[in-house]
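The block underneath contains the structure these notes are about, expressed in structure tokens.
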Amino acid sequence: MANSFFTGRREQFFRPLTHADRECCAAVLRSLYDRVQGPNADYSEALTRDLVLTIVFQALADPLLRSVVFERGRSVSAEEERTYAAELLRKLKEHGWIEDYKDPIDLKPTLKMTRAGKEVSEVLSSLDNSRARTRQRNMRSAKKALAAFVASHDVDEILDGYDFAARVVQDLQDDIEYFRLLLQSLTREALEQKVAWSEFNEFIEKRFTKEYAVRLVADSAERHRGQIVELLDQIRALPEDVRRGIDANLLQRAAWLEPQVQWRSPMLWLCDRMESMVEAACNLKLPMLRSEMNNYVRRFTSLLRQALSLDYSATSPLGRAMSLLKEQPPTVRADFLDAMAARLGTAEIRLPGAALRWTVRGRELEHGPLAPLVVDEASRVEATMRRAEAEAFAFSDQEVLAGLLPHLRGGRLSLHELPVTNAIEAVRVLHAVGAARSTEGQRFLTARKKAEVFDTPFFSADDFELEADLSALARGER
């Protein structure tokens, strides 16, 4: 039978979060977690009673949290604050969030967060959207772990990289959920006949300008994906004897790999799985993020346009007229409406552009006579030139691969060995790596980045080695 969670001191574990001061309690737990396990943790100082009380006092300094603990507008003495802080500490100890602990060095009585308290407090801390965090953190961590494995061949690094790669989708899912919450808030405000201008302004000035604009360009998930793929290619290119030693260490360190790999190399299996997870995250979640961002901005601009052009609020002229009509007795309403009609009868009515749309039905439009279509030699030449310019550098992956295959008869080829005597050959070299990593090219080509950089009369670029699977190539030709 599985161990029960709500037993002993944890029987009423969540009771401190069910009272009226639960927001203050949650803020204290977040601060406690940051103090014990967060990036600002001070491991040289033990968690004492005075330190916990100080954290509670800091939470009470926030006017919003103070108002949920004490009656709004009432002056609160320091003694009342100390009494509340001591009572909150007692509740957290009584219900299994904090426990007494003796320092093994000097045997002084201290406090520490229980395992359950740390785990739940970490969740509360991660749900706080106002707290600053690095983005693409799992992408970046996977890249660093793979780079460390390339340098040291430590199997723990590649296992860490696999663990981070399994969570890369969370980087983009967090942003998608953020925009969905904004859209829900926008809809809720619209139902209350309000425009969520403050949230939109905060998004544009704080979140988009400082975070999303950078992450969509310089810190984009696609840039990290490209670097991760290059590191995986370097790992796949390790010599056979080195790979066998790494495979043996992986099976010894991670026994769960043996039923998964099915007689394949554990190192290569991990590389394939990491690449597929990163590719899936970018190909599925990144378009969803852009779609949610577009939906939010489009919905807000639509509501804002309606609010600016159609003001139906109680303070608008139309709203005041309707309220005045409602207040009139039934016998006077007809005269009131006649007076309004007389006033409005002299008004000039115009339709603003793009505000209203009219559908014309049952009316035939008279078209003037059209001039005969004349196709002369000059128009044919101009159309041919435009089509040739549009298609001059439009190469499909199949066309690039077809141009590379005659040079790959020996099995291996570097980009600097390809001829670059005209613009078409230059474009073929520039697109060679992308074509090799496409779905069609991966069947018989592998691209590995080299440390060298090569120059041509047209450009300078990183050199890559293309290796062809001659057996797969022969099957494809047949």
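The values are calculated or read from the model by the stated rules, or taken from the named source; none is laboratory data. For clarity, every value in this text was computed on a predicted model and none was experimentally measured. Don't worry about glycine lacking a Cβ; one is built from the backbone with ideal geometry, like all the others, and counts go over all protein chains shown. Heads up: the accessible areas ignore ligands, DNA and RNA and are worked out on the full protein's heavy atoms, side chains in. Shrake-Rupley method; radii C 1.70, N 1.55, O 1.52, S 1.80 Å.
Tabulated results
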item: Residue match in the stretch 129-136 (condition: modelled with pLDDT under 90, open to solvent by 70 Å² or more (accessible area, probe 1.4 Å) and not in a loop (DSSP other than H, G, I, E, B)); result: no
item: Sole exception among (1) open to solvent by 90 Å² or more (accessible area, probe 1.4 Å); (2) modelled with pLDDT of 75 or more; (3) in contact with a Ser or Thr (Cβ under 9 Å, 6 or more places away or on another chain) for Gln193, by number; result: (2)
item: Residues (over 24 Å from Ala148 (Cβ atoms), out of contact with any helix residue (DSSP H, G or I) (no Cβ under 7 Å at 6 or more places or on another chain) and either of a type in the set (Ser, Thr, Tyr) or at pLDDT 80 or above (or both)) located in the stretch 207-261; result: Thr209, Tyr212, Pro259
item: Helices (runs of 4 or more DSSP H) wholly inside the stretch 399-478 containing at least 1 residues that are among the basic types (Lys, Arg) and without any contact (Cβ under 8 Å) to a residue 12 or more places away in the chain; result: 470-477
item: Residue selected from the stretch 324-368 under the condition surrounded by 10 or more Cβ atoms within 10 Å (Cβ to Cβ) and assigned to a loop (DSSP other than H, G, I, E, B), by the criterion modelled with the lowest pLDDT; result: Ala355
item: Matching helices (runs of 4 or more DSSP H) fully within the stretch 220-264 where at least 3 residues are under 32 Å from the mean Cα position of the chain (by Cα); result: 221-236
